[in-house]
1. Rounded if a/c is under 1.5, else prolate if a/b is larger than b/c, else oblate: which is region 46-130, with a ≥ b ≥ c the root eigenvalues of its Cα gyration tensor?
2. Going by C-beta contacts inside 10 Å, put 75, 245, 309 in order with the fewest on the left.
3. Quick check: convex hull of the Cα atoms in region 283-426, volume per residue, rounded to a whole Å³?
4. Fewest to most neighbouring Cβ within 10 Å: what's the order for 408, 130, 244?
5. What is the distance in Å between the Cα centroid of region 178-239 and that of region 312-357?
6. Using 7 Å Cα-to-Cβ label points, what is the residue 371/residue 90 separation (nm, one decimal)?
7. What is the calculated FRET efficiency for residue 254 to residue 339, with r their C-beta to C-beta distance and R₀ = 35 Å, to the nearest 0.05?
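Just so it is clear, none of the values below were taken in a lab; they were calculated from the coordinates. The shown structure was predicted, so the numbers you read here are calculated from the model rather than taken from an experiment. Cβ atoms come from the backbone with ideal geometry, glycine included; neighbour counts cover every protein chain shown.
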């Protein structure tokens, strides 16, 4: 299924969107609560207006003669819009049964009526009814609409940015898988065009450099084999008529030619492992015959190779050719540095296939353990033919394990005292499309 707006990166994009929205909502909610608190604490108490109004009415009525108070109450009622009447205290039991100066009565519609025991009049002042203000539906909907608008505005603002980021990330992932196709995102983006253009230019330069380098390595490797073949032929012709001393020197030259040829083969292997068209040939591989085949290709006179397989382990899912190349490099490396013993163990641990190679050599210093898997890294600078190597063997191992979606590490062998290399990759049957045999 083709990825949509968020695609494979929807988790990151959703997190960005939700983070912004949640942050804005939190700020808005805090401001709302803060303003509400300030409004309630600083605003005057709205329930005091009846008391103030009733005392003013009391003063007006007290200033008039008793026989004119009822008429004055009607006049005040017309002026302020509320009914004002004077009631006898004995006529209203509710007012006399309470110690409160003002009694508030609420009817079925929520309207309020106030009874005030006026000490200056020795009567009750009736004020009301006062209709309760009903909050508008629009006012009630304003806060939710405001918060909803945050989602909409942030979404509209982020949508082109997230779309551009998704496009750039998808193309970058594709470029990482196949360096032959540079990025081409500048024309497709709307907001991040400048960034996309810079990435397009950078990827085009990287693609050209990588392809030129690989083509150069491949061309040199193949072209060097022709003069090497001529040198071998010339040495063979000279050897037929050479004396004992010259033959010894010719044998040394043949060894040098063989070393150069082996270096070329190793470089070609390393270059092929990084080719985008390489496909894994996943299959269940019987362990013991596969290990025996790998062992038979190695030649380390005077050193014992012990093969160990966990009980019950019959087959391992892997690419047998590539993993065989990796284990051959590890065993060859162990053979160069081991004193007398090498051990190779195949088993499982915590949901992973594991291949361990131990030796009883000097081991690898802790400070060098991360760098040994880089190409052309040599711990032995003496260029000794027996122990120097080419600096590519462990880099090939690392690349093969990456193709298996696993990891490789090196440490100290508790069993033999030297180095211990561990290859591990997840125990799983390959997904559809993994069982593709690639040319190698």
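1. oblate
2. Placing the least packed residue first, the sequence is 245, 75, 309.
3. Spelled out: Cα convex hull of region 283-426, divided by residues, is 108 Å³.
4. 244, 130, 408
5. Each part's Cα centre sits 32 Å from the other's.
6. With each label point 7 Å from Cα toward Cβ, the separation is 11.3 nm.
7. Once the sixth-power term is evaluated, E becomes 0.75.
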